[in-house]
1. Once you have the Cα-Cα distance between Ser145 and Leu50, take 0.36 nm times their residue separation minus that, and quote the gain in nm to one decimal.
2. Once label points are set 7 Å from the Cα along Cα→Cβ at both Asp473 and Ala220, what is their separation, rounded to one decimal in nm?
3. What's the carbon and sulfur percent of the chain's accessible surface, probe 1.4 angstrom, rounded to a whole number?
4. Just the projected area, averaged over all directions, of the convex hull on the alpha carbon atoms of the stretch 47-187: how many nm²?
5. Answer rounded, prolate or oblate for the stretch 1-105, using the Cα gyration tensor with square roots of eigenvalues a ≥ b ≥ c: rounded when a/c is under 1.5, else prolate when a/b is larger than b/c, else oblate.
6. Using a 1.4 Å probe, what is the accessible area per residue for the stretch 1-126, in Å²?
7. Can you say what percent of the DSSP beta bridges in the chain, counting only those with both residues inside, are antiparallel? Round to 5.
8. Report the GluC sites (Glu not before Pro) located in the stretch 72-169 that are in a DSSP loop and have at most 10 other Cβ atoms inside 10 Å of their Cβ, or state none.
Amino acid sequence: MDKPVLILQMQRMGDLVLSYPLFGWLSSMLPGTPIWVVGERVFFEGLIELSPHVTYFDYSAADRLKQNEYQLVINLSHRRDAAILAGQLKTGMRLGPYVPDNASPEGQAPLYIEGAWQLYRASINHNNRHNMFHWADLNAMELASLRQMRRTSWPPVKAISKERPLSDKRVGLFVGASEADKRPEPEFWATVASRLMSLGTKPVFMGGKNDFQIAEQASAILKAPFLNQCGKFSINELCMFMRNLDLLVTPDTGPMHIAAWIGLPTLNISMGPVNAWETAPFAPNHYVLRSSISCVGCWTCDRPETRCKTRFSPEKTADIAKLILEGNEEKLPYLNLPGHQLFKTGRDQFGLFTMRQITSKENLRLERSLFWKLFFGIALGKFSPETALPDLKQQAKTLRKGKMHDLLLRKAQIILLALNRAIKSSTPGILAEESFWNGQPPILRPLTSYMQLILQNSEFSRPALANALQLIDFFMSILNEQ
């Protein structure tokens with residue numbers, strides 16, 4: 001028997017579901033090879049019927065797992081105990097964070113990251129303003145080919161008949177999320193439910209045990225008894241219940257990813273410190289609504305008011321849900337959604353996740369973000385320059401306008417000088433300072449964050465400095481392209 005592949009995915013429910021594409025791609029690439037996954041028992045046992053065929057282990061099996069040899073270990077977890085285990089396992093190839101085997105679990109031994117795309121994944125922590133790669137794709141960018149991704153069949157979305165009356169259609173309103181800023185207030189849900197009920201639909205409040213009071217408060221605002229299913233289901237029962245719904249309206253949650261995986265039409269209310277390009281429903285033909293304010297999609301909100309949450313319109317949310325439930329999705333582009341952006345999920349020409357903007361189509365920030373998607377796709381060897389470089393040059397036009405071009409060129413020249421000094425002096429200098437990456441304009445931080453991480457990860461070695469030089473040279477050549 002072939003040596004197993006071991007994946008460490010010790011995060012939340014949604015992270016596990018977003019790993020399913022990787023499991024499938026690996027099984028296709030390595031037929032007959034055992035795929036083992038270390039996860040949280042409460043999640044993988046509840047989702048076992050949905051999961052691709054892999055063998056799950058709880059972290060308590062770590063000592064037994066260390067006795068095996070693996071052809072590949074992939075660590076997708078952020079936890080330090082996962083990185084320590086990843087470093088202790090005997091494997092021919094390792095991807096993701098790990099602590100060297102000789103490090104003490106109690107100490108603060110350095111953590112390293114294997115894989116260019118895993119380094120990119122780490123570089124967007126607190127720096128994801130311009131990231132357009134979905135977490136599920138990033139899990140597999142080191143391994144699955146674009147051809148394989150393009151040929152993937154995704155769960156078809158349940159068709160909503162125009163002939164069925166709205167009174168026969170059921171919509172789930174998932175009221176909870178892992179953080180308060182990522183979920184609407186009870187008043188929001190009360191308004192959405194009220195408008196949907198006035199159309200004759202049958203909304204149901206859903207969530208975990210901790211969300212029960214949110215649904216009760218919404219019911220009290222409605223001044224009417226309401227079906228509150230929060231905390232009533234096991235994970236397996238929740239999956240069964242959602243199969244009988246026609247639509248799920250939900251913030252960024254694990255159940256949202258389950259819904260997309262089983263083909264339940266989903267409207268993602270993307271609010272708070274979350275980037276929809278990373279966490280939206282992964283399969284095609286689902287909907288994402290988010291604020292259009294400039295700071296949307298941040299990592300951590302540092303404003304007194306979370307404006308991308310408080311300015312969200314429950315009335316507009318209900319209007320979108322109504323058209324979806326009616327089967328009139330072709331009318332969505334004609335909705336007036338001031339302060340909002342509506343997207344539909346899909347796959348791009350490379351086979352990767354994308355979102356097609358349905359309303360408010362002019363968006364300079366999205367154009368600049370697409371520049372970085374193409375830049376890293378080419379620089380990290382995923383996109384063919386023959387096909388992607390013309391598009392990159394086209395997107396670079398948004399950076400070559402007026403003062404923006406002069407600012408970026410000046411900053412790039414300073415970075416180039418710092419790299420040359422580090423090579424000549426054999427000391428990192430300012431490259432080791434945090435201000436090297438986060439002191440740059442936000443539009444440049446995708447590059448400086450990745451550069452600094454590859455330098456730190458290789459302890460500022462000459463090959464890493466040469467790699468960083470290639471990146472800044474590539475950026476400057478595109479910036480100066482006429």
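The values are calculated or read from the model by the stated rules, or taken from the named source; none is laboratory data. Note that the structure is predicted; figures quoted are calculated from it, not measured. All Cβ positions, even for glycine, are placed from backbone atoms using ideal geometry, and neighbour counts span all protein chains on display. The accessibility values were calculated without ligands, DNA or RNA, using every heavy atom of the protein model including side chains. Shrake-Rupley method; radii C 1.70, N 1.55, O 1.52, S 1.80 Å.
1. Residue separation times 0.36 nm, minus the Cα-Cα distance, leaves 31.8 nm.
2. 6.6 nm
3. 50 percent
4. Numbers: hull surface 56.6 nm².
Projected over every direction and averaged, the Cα hull of the stretch 47-187 covers 14.2 nm².
5. It is oblate, given that a/c is not under 1.5 and a/b is not larger than b/c.
6. 44 Å²
7. On the way: 13 of 45 bridges.
So the antiparallel bridges in the chain amount to around 30 percent.
8. Details: sites: Glu106, Glu114, Glu142, Glu163; in loops: Glu106, Glu142, Glu163.
Those satisfying the criteria are Glu106, Glu163.
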